[in-house]
Amino acid sequence: MPDEIEDTQSQSKADEYLAGWKRAQADYLNLQKEVAVQRAEMGKHALAEVSLSFLPVYDYFKRAMANLPPDAEQSASVKNWFTGTQHIANMFKMTLSQLGIEELQTVGAVFDPMSMEAVKEVDASADGANAGTVVEEVEGGYKMGEKILKPARVIVAADHKN
């Protein structure tokens, strides 16, 4: 009989140790999953932070493309410069897109204070626009997924009735 008691106690201890080992293994697997999620979030955050330093450069490319000198068509060298600069700006835009960064579409859209900053209001009737719509983009806005990286700076049409 003492052997049976010892066997029962040994089996009970073995079951207890096995259950403890299984809990520890499950805890470790959960920790690995949690760390993987945290690393992915840190990677997204780091990408967003680095991207913020490149967005002003892209904005300057866009401004340069929008301000082509009127006599540029007459000069082959200016025309070639413009074409090359346009290719660089397009590559920049494509790279941002590959990183998951999208430009906010603003002109003609209804003003959204969550993604836009109004820097000026103009009279809607003088501009021929509906009140509350964006008539001009001063600086581009960008988002990554649903997160706004940089709000767009815009000019908004407003009713100026006295």
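Read-outs throughout are calculated quantities, based only on the coordinates presented, and are distinct from any laboratory measurement. Bear in mind that the values here come from a model prediction, so they are computed numbers and not experimental data. Virtual Cβ from ideal backbone geometry, glycine too; neighbours counted across all protein chains shown.
For ALA131, no residue 5 or more places off, or on another chain, has a built amide H under 5 Å of its own.
Ranked for footprinting exposure by Cβ neighbours inside 10 Å, fewest first, ILE88, ILE148, ILE155 give ILE88, ILE148, ILE155. Measuring against 28 Å, Cα to Cα, the residue pairs LYS62/LYS143; LYS22/LYS147; LYS62/LYS120; LYS93/LYS147 contain LYS22/LYS147 as the ones spanning a longer distance. According to the square roots a ≥ b ≥ c of the eigenvalues of the Cα gyration tensor, what is the shape class of the range 1-99, taking rounded for a/c under 1.5, prolate for a/b larger than b/c otherwise, and oblate for the remainder? Since a/c reaches 1.5 and a/b is larger than b/c, the shape of the range 1-99 is classed as prolate. What shape does the range 103-162 have by the C-alpha gyration tensor, where a ≥ b ≥ c are the square roots of the eigenvalues, rounded means a/c under 1.5, and otherwise prolate means a/b greater than b/c and oblate the rest? Verdict is prolate for the range 103-162. Close amide-amide hydrogen proximity is noted between LEU149 and TYR142, LYS143, MET144, each under 5 Å apart and 5 or more residues distant or on a separate chain (H modeled in the peptide plane; Pro and chain starts excluded).
Within a 10 angstrom radius of the beta carbon, how do THR106, THR83, THR95 rank from fewest other beta carbons to most?
Numbers: THR106 26, THR83 9, THR95 13.
By the 10 Å Cβ count, ascending: THR83, THR95, THR106.
Looking at the square roots a ≥ b ≥ c of the eigenvalues of the Cα gyration tensor of the range 13-162, which shape do they give, rounded for a/c under 1.5, prolate if a/b is larger than b/c, or oblate?
Working: a/c = 5.72, a/b = 1.97, b/c = 2.90.
It is oblate, given that a/c is not under 1.5 and a/b is not larger than b/c.
Using Cα atoms only, what is the angle between the long axis of helix 2-66 and the major principal axis of the chain, expressed in degrees (0 to 90) to the nearest 10? For 2-66 against the chain, the angle is about 10 degrees. The modelled label-to-label distance between SER97 and SER77, using points 7 Å beyond Cα along the C-beta direction, is 3.4 nm.
To the nearest ten degrees, helix 76-98 and the longest principal axis of the Cα atoms of the chain are 30 degrees apart.
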